[in-house]
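Report on one structure; see the data block that follows.
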Amino acid sequence: MTHVGDIAVTGLGLVTPAGIGVEENWRRVLSGRSCAAPDDTLAGMPVGISCRVPGFDAEELLPDFPAWQLERFVQLALAAARMAVRDAGWDPGRWDGTRVGVVLGNSLGGAATFEEQHDVLRERGPAKVSPLLVTRYMPNMGAGYLAIDLGVLGPSIGVATACASGATAVGTARDLLRSGTCDIVLAGASESALTRTVMSGLAKMGALSRSDAAAEHVSKPFDAERDGFVAAEGAGVLVLERTRDAAARGATVRALLAGYGTSSDSHHATAPHPGGLGIERAVRTALGDAAVAPTSVDHVNAHGTATPMNDLIEGRMLHRVLGGRAAVTSTKGVTGHALAAAGAIEAAYTVLAVQHGVMPPVANLKNPDPGLELDLVSGEPRTGRVEVALSTSLGFGGHNAALVFTAA
């Protein structure tokens, strides 16, 4: 049953290490097989594996757009957005662009171009620096180029709340629809920053797994032997509309965005609050916004980074707030951690779980952390009616966001 604040999810677009397109993504995520693999560009680095989008060809997917001008995170976002718009049944040439908005998250922008052009500056001088440096580097250009490509004349907003960016973008889009500012909003996030410098920084701070296991067995959220995440790239975009507008045009509704909550830890630059109080506030706010009792949540797609601290803190919070009924997964075991894009990608997977009544397993979960009292989905996908699902995201800087999706 809908209530006045519900927002319809009418389209999804996914370009991730799990594949290009929604169906390919869903098959891989349900398989529970990790996408992590050795990365030639990271040869000789402390961590030499990552999760990259396989077979992504910008010229093929964006043949009518000068893809060579765009940083990879923008290319991924454009491809995902076009998919989402088609999935929603919209023709951008026929909509009222003044009533359409874009909210797209990103955190590290065009890190690859910045590193490359910094080398050019040092080695060849300022006259050789590319005139595209700034527009390829700026993290807002994902949102900007989506608006240019799709004829969006309403708000075009770039969101940067680190690894919570994707979920923050979806929640911000919800607010634009509820306020009447827009009738349609494309919401999501993209990231592609698997550079030697960025990866060195993540490794140095202890965020990345140093496991010597085969790459496909390294990412293991909620496992007792987890030791960090595998970095990834990707993009996820959702098309959101008010339920009455979607019904009026006869759109297929995949699920409803019923609640959103956000908060700040005000604790530490990289570590979550040790009691999980920040993400708890976001979850409770989202559940209250959706008018859903905590014990009614059927499924959680958790942030679940596979870092020792995050999984323990988040897992204890989920049990404290929801009890033991919800079936919990982390799809980062399959996709790796796509940083800013993670929340959007996982929101899409949560929508698919609600729509199809199937919950993905946690990849590589062999020995669940004994300090957690969670009903973790492992081994095989779990089937069952999913009326209410929760997706959680946490980001450096103490950013938290939670999204509640319900069956249409």
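The values are calculated or read from the model by the stated rules, or taken from the named source; none is laboratory data. Note that the coordinates shown come from a computational prediction; the quantities given were computed from them, not determined experimentally. All Cβ positions, glycine included, derive from the backbone under ideal geometry; neighbour counts span all protein chains shown.
Some values worked out for this structure:
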read-out: Any chance Thr350 is of a type in the set (Ser, Thr, Tyr), touching a Gly at 6+ places or on another chain (Cβ under 8 Å) and crowded, with 19+ Cβ neighbours inside 10 Å; value: no
read-out: Residue list for the stretch 178-193, restricted to those being in contact with a Leu (Cβ under 8 Å, 6 or more places away or on another chain) and surrounded by fewer than 24 Cβ atoms within 10 Å (Cβ to Cβ); value: Asp183
read-out: From Leu194, Leu153, Leu202, residue being touching a strand residue (DSSP E or B) at 6+ places or on another chain (Cβ under 6 Å), assigned to a loop (DSSP other than H, G, I, E, B) and farther than 21 Å from Ala248 by Cβ; value: Leu194
read-out: Single residue of the stretch 329-347 satisfying the filter (under 19 Å from Gly261 (Cα atoms) and of a type outside the set (Val, Ile, Thr)) that is surrounded by the fewest Cβ atoms within 10 Å (Cβ to Cβ); value: Glu346
read-out: Long-range neighbours under 9 Å by Cβ, at least six apart or interchain, first residue under 22 Å from Leu238 (Cβ atoms) within the stretch 98-113, second part of a strand (DSSP E or B) and of a type in the set (Ser, Thr, Tyr); value: Gly101/Ser156; Val102/Ser156; Val103/Ser156; Leu104/Ser156; Leu104/Ser190; Gly105/Ser190; Asn106/Ser190
read-out: Identity of the residue in the stretch 243-264, surrounded by fewer than 21 Cβ atoms within 10 Å (Cβ to Cβ) and among the charged types (D, E, K, R), that ends up farthest from Ala160 (Cα to Cα); value: Arg249
read-out: Flag for Val159 being of a type outside the set (Ser, Thr, Tyr) and more than 30 Å from Leu365 (Cβ to Cβ); value: yes
read-out: Arg196 vs. criteria under 20 Å from Ala338 (Cα atoms) and either at pLDDT below 95 or surrounded by 24 or more Cβ atoms within 10 Å (Cβ to Cβ) (or both); value: no
read-out: Selection count, the stretch 297-317, where residues are closer than 30 Å to Ser211 by Cα and touching a Leu at 6+ places or on another chain (Cβ under 6 Å); value: 3
read-out: Answer from Gly379, Gly397, Gly333 - the residue that is touching a helix residue (DSSP H, G or I) at 6+ places or on another chain (Cβ under 7 Å) and either closer than 17 Å to Ala286 by Cβ or not hydroxyl-bearing (Ser, Thr, Tyr) (or both); value: Gly397
read-out: Residues being of a type in the set (A, V, I, L, M) and exposed (fewer than 12 other Cβ atoms within 10 Å of the Cβ) - total across the stretch 109-131; value: 1
read-out: Whichever residue in the stretch 219-242 is surrounded by 20 or more Cβ atoms within 10 Å (Cβ to Cβ) and of a type in the set (A, V, I, L, M) and, among such residues, is farthest from Val170 (Cα to Cα); value: Val230
